[in-house]
Amino acid sequence: MRYMHIDGAWRDHIGYAMTSEEIAAEGGLLARWQRVRANAR
């Protein structure tokens, strides 16, 4: 099980958020997803 540091405490979580910078940045989530998808073909 993984925990996140939320509001000063380590807690289990159901949801989370990402910023557009984390998704679109070079080496970000979108780039990682595209790389994994390309390698799966």
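Each value in this text was obtained by applying a stated rule to the coordinates, not by laboratory testing. Bear in mind the structure is a predicted one, so any value in this text is a computation, not a measurement. Using ideal geometry, Cβ is built from the backbone for each residue, glycine included, and neighbour counts are taken over all protein chains shown.
If you take the residues of the chain that are part of a helix (DSSP H, G or I) and of a type in the set (Val, Ile, Thr), which of them is surrounded by the fewest Cβ atoms within 10 Å (Cβ to Cβ)?
Checked the chain; the qualifying residue surrounded by the fewest Cβ atoms within 10 Å (Cβ to Cβ) is 36.
Residues that are touching a strand residue (DSSP E or B) at 6+ places or on another chain (Cβ under 9 Å), on the phi < 0 side of the Ramachandran plot and free of Cβ contacts under 8 Å to residues at least 12 places away in the same chain: does the range 15-35 have at least one?
no
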